[in-house]
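So the structure is just underneath, and the comments pick up after that.
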Amino acid sequence: MSKRLFIAIKPGHESQNAINNFQLELKKELPYRGIRWVKPELMHLTLLFLGDVEESRIPEIKVSLKNIANEIKPYDLLFNGTGFFGRPDALRTIWIGSQDQGETQTLYHAICRNLQSLIQIENKQLSPHLTLARISDYVPKEERIMISQRMGTCKETAFGSTSVNKFELIESTLTPAGPIYKILENFFLKVK
């Protein structure tokens, strides 16, 4: 039996509240059907999507992740700016960006390096972001352009800083009502 897993960092309460307020404002300004807004409490910065993993492999993955956590120091992660993936007339995802001093990339590369002997990893470039909303296929081109224009006006919006002192191994179960996330384990970073 397998579980659908990913490794992620969650924004702190201050950032989550700022994102929630921003999202409520956007919902009023962009009342288009077909925008699937991500609940702020489910938002996360995906470090690595593992996909379907056999349950028998999970204990080894946890040991490896614990070793990584012992090598990485806590750091501050700023959530700021917005953008979208796709062309303005065909955008697919609205996101919130993040900034740090390279620590998230360091953490990502350590995870890839340490897990590649346990599972197959598609080692690609990390684009650290929080998904704010996904745009359904049936949203017309004109509405997509309006969405992209609005997102272009918030490129400098700040959503606060999060002290990253852990990352999480999360199980994702897909349902018609949306994903259900279950934290399998928290991995606390080495104390400063």
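Can you tell me which residue among E41, E25, E71 is assigned to a helix (DSSP H, G or I) and within 17 Å of N186 (Cα to Cα)? Explain how you work it out, then say what you get.
On the way: E25 fails: within 17 Å of N186 (Cα to Cα); E71 fails: assigned to a helix (DSSP H, G or I).
Just a single option satisfies the conditions, and that option is E41.
On the given criteria, is S161 under 18 Å from F79 (Cα atoms), among the polar types (S, T, N, Q) and loosely packed, with under 13 Cβ neighbours inside 10 Å?
no
Kindly list the number of the only condition in (1) surrounded by fewer than 17 Cβ atoms within 10 Å (Cβ to Cβ); (2) touching a Ser or Thr at 6+ places or on another chain (Cβ under 9 Å); (3) modelled with pLDDT of 95 or more; (4) of a type in the set (A, V, I, L, M) that fails for V63.
Just one mismatch for V63, condition (2).
Filtering region 84-113 down to residues that are assigned to a strand (DSSP E or B) and touching a Phe, Trp or Tyr at 6+ places or on another chain (Cβ under 6 Å), which residue is surrounded by the most Cβ atoms within 10 Å (Cβ to Cβ)?
Here the residue is I94.
Surrounded by fewer than 14 Cβ atoms within 10 Å (Cβ to Cβ) and of a type in the set (D, E): is that true of E29 in this structure?
Judged against the criteria, E29 is a match.
Give the number of residues within region 114-133 that are over 21 Å from L42 (Cβ atoms) and either in a loop (DSSP other than H, G, I, E, B) or of a type in the set (A, V, I, L, M) (or both).
Within region 114-133, residues that are over 21 Å from L42 (Cβ atoms) and either in a loop (DSSP other than H, G, I, E, B) or of a type in the set (A, V, I, L, M) (or both) number 11.
Testing S56 on (1) in contact with a strand residue (DSSP E or B) (Cβ under 6 Å, 6 or more places away or on another chain); (2) in a helix (DSSP H, G or I); (3) of a type outside the set (K, R), one condition comes back false. Which one is that?
(1)
M43 versus (1) surrounded by 15 or more Cβ atoms within 10 Å (Cβ to Cβ); (2) more than 30 Å from E142 (Cβ to Cβ): which is the lone unmet condition?
(2)
Does at least one position in region 102-109 carry a residue that is modelled with pLDDT of 95 or more, acidic (D, E) and closer than 18 Å to L48 by Cα?
Yes; the residues of region 102-109 include at least one that is modelled with pLDDT of 95 or more, acidic (D, E) and closer than 18 Å to L48 by Cα.
I need the full set of residues from region 137-158 which are in a loop (DSSP other than H, G, I, E, B) and either within 16 Å of the chain's Cα centre (by Cα) or surrounded by 13 or more Cβ atoms within 10 Å (Cβ to Cβ) (or both), in order please.
Passing the criteria: V139, C154, T157.
Go through region 164-187 and give me each residue that's among the hydrophobic types (A, V, I, L, M, F, W, C) and either modelled with pLDDT under 95 or more than 16 Å from T46 (Cβ to Cβ) (or both).
Result: L174, A177, I180.
The values are calculated or read from the model by the stated rules, or taken from the named source; none is laboratory data. This one's a predicted model, so the numbers in the text were calculated from it and none came from an experiment. A quick note on method: Cβ atoms are made from the backbone with ideal geometry, for glycine too, and the neighbour counts reach across all protein chains shown.
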